[in-house]
1. So how many residues does region 75-109 have that are farther than 18 Å from Phe44 by Cβ and without any contact (Cβ under 8 Å) to a residue 60 or more places away in the chain?
2. Looking at region 304-320, which of its residues are part of a loop (DSSP other than H, G, I, E, B) and closer than 13 Å to Gly336 by Cα?
3. Every residue in region 93-104 that is outside any loop (DSSP other than H, G, I, E, B) and crowded, with 16+ Cβ neighbours inside 10 Å, please.
4. Go through region 35-85 and give me each residue that's in contact with a Pro (Cβ under 8 Å, 6 or more places away or on another chain) and under 16 Å from Val14 (Cα atoms).
5. Looking at region 40-82, which of the residues that are in contact with a strand residue (DSSP E or B) (Cβ under 6 Å, 6 or more places away or on another chain) and of a type outside the set (Ser, Thr, Tyr) is farthest from Glu104 (Cα to Cα)?
6. Go through region 78-92 and count every residue that is in a helix (DSSP H, G or I) and not basic (Lys, Arg).
7. Pairs only if they're at least six apart or on different chains, beta carbon under 7 angstrom, first in region 314-336 and aromatic (Phe, Trp, Tyr), second in a helix (DSSP H, G or I); list them, first residue then second.
8. Within region 50-77, can you find the residues that are β-branched (Val, Ile, Thr) and either in a strand (DSSP E or B) or exposed (fewer than 12 other Cβ atoms within 10 Å of the Cβ) (or both)?
Amino acid sequence: MPSEKESKSILFIVNNRKDRSPGQRFRFEQYLAFLEANGYRCEFSPLLNERDDKIFYAPGNYFRKFLILLNSYVKRTGNLLKARNYDAIFVFREAVYTKSTFFEKQFAKRSKVVFDFDDSIWLQNVSEANKRFAFLKNAGKTKDIIGYSHLVIAGNEYLADYARKFNRNVVIIPTTIDTEEYVRSTNSRKDETVCIGWSGSKTTIQHFSHAIEALKIVKEKYGNRISIRVIGDENYENKMLEIQGLPWKKTTEIADLSAIDIGIMPLPDDEWSKGKCGLKGLQYMALEIPTIMSPVGVNSVIIQDGENGMLAATTEEWVIKLSQLIEDKELRMRLGKAGRKTVAEGYSVEALKNRYLQLFNELIKV
């Protein structure tokens, strides 16, 4: 590794460009300015540009997708040729979309590798748009990447427990919110309804379905006193619940979320969900939106039921707790403020930035 550097350097090996992926944004992109202010030069190497992104995550167009996969190998080969120029190489989830772990293994021979993950990615999970490429995937490669790495950063204890089977140097950094940016905006909505909201993406809209039965009962009970908002999938529609999905936009994200009076995060109780890091709930809580989560995985750690939010496992529990919040504005305000306090103290960039910096300093020791 060259001895003369203007600063310590980190190459971020990622799938998406900056501000595109929630996982990237809330796992590490929020820390980049702080790292740079403390002597680090941070370089990004995303696989997908904006044009490729539109192709890769949409159905069909398989030839273009195949070309994107080939180009990903070209790009990572270029990264590999320059790997010794970096003090650390940060890999988020994987270096390429296929079953290969070649690049992670070679990076580790040339620099210090940091591996960060925020889902149960050792379980096979292929999007509907790319089912035809499932044969190229091998979720089992996660254990190998963990084994090659010099430092593993896991989003919660469940993920860390898995990683410790293959690597001794595992630390937990929860998914965090920038509480200076996440401040609830006023006048986000003109109507007087109590708005129940869900935020996610086209790939996680399936989780919203776990709240449908409870929402039907609540809608029948309260009628026009409530409204329901879905953010992240503009194609989602439910006429019975009078829902037309809204697209996610970085520029309006906080305003769109601020229009919600009650935030919900329903999840199935399965192995994949146990690896979730509670991002949706943390976003609501940071904006002082009272939050109801399924008691799955880290959600039961984040939420102390009735103190800083609510937990609901069954349809009956969802109906009861939604009803309590719909009918009691003071309860909504109390839980909202307590939720914001929880995020500020344990799940914010401000609370964890020094710990994050310390990890890199200890790893590189320059």
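Here, each number is a calculation from the coordinates, and none is a lab measurement. Model, not experiment: these values are computed from the prediction. Note that each Cβ is placed from the backbone with ideal geometry, even for glycine, and that neighbours are counted across all protein chains shown.
1. Residues of region 75-109 farther than 18 Å from Phe44 by Cβ: 84, 98-102, 105-106, 108-109.
So of that shortlist, the ones also without any contact (Cβ under 8 Å) to a residue 60 or more places away in the chain come out as 98-102, 105-106, 108-109.
Summing the residues that are farther than 18 Å from Phe44 by Cβ and without any contact (Cβ under 8 Å) to a residue 60 or more places away in the chain in region 75-109 gives 9.
2. Of the residues in region 304-320, the ones part of a loop (DSSP other than H, G, I, E, B) are 304, 306-308, 312-314.
Hits for region 304-320 are Gln304, Gly306, Glu307, Asn308.
3. Just the residues of region 93-104 that are outside any loop (DSSP other than H, G, I, E, B), to begin with: 102-104.
Phe103, Glu104, listed by residue number.
4. Initially, region 35-85 is screened for residues in contact with a Pro (Cβ under 8 Å, 6 or more places away or on another chain), giving 84-85.
Those that are in contact with a Pro (Cβ under 8 Å, 6 or more places away or on another chain) and under 16 Å from Val14 (Cα atoms): none in region 35-85.
5. Among those residues, the one meeting the criterion is Arg41.
6. So the first thing to find is which residues in region 78-92 are in a helix (DSSP H, G or I), and the list is 78-81, 83-85.
Within this subset, residues satisfying the condition of being not basic (Lys, Arg) are 78-81, 83, 85.
Counting residues in region 78-92 that are in a helix (DSSP H, G or I) and not basic (Lys, Arg) gives 6.
7. Within 7 Å, the pairs are Trp318/Ala211; Trp318/Ala214.
8. Val74 - this is the single residue of region 50-77 that is β-branched (Val, Ile, Thr) and either in a strand (DSSP E or B) or exposed (fewer than 12 other Cβ atoms within 10 Å of the Cβ) (or both).
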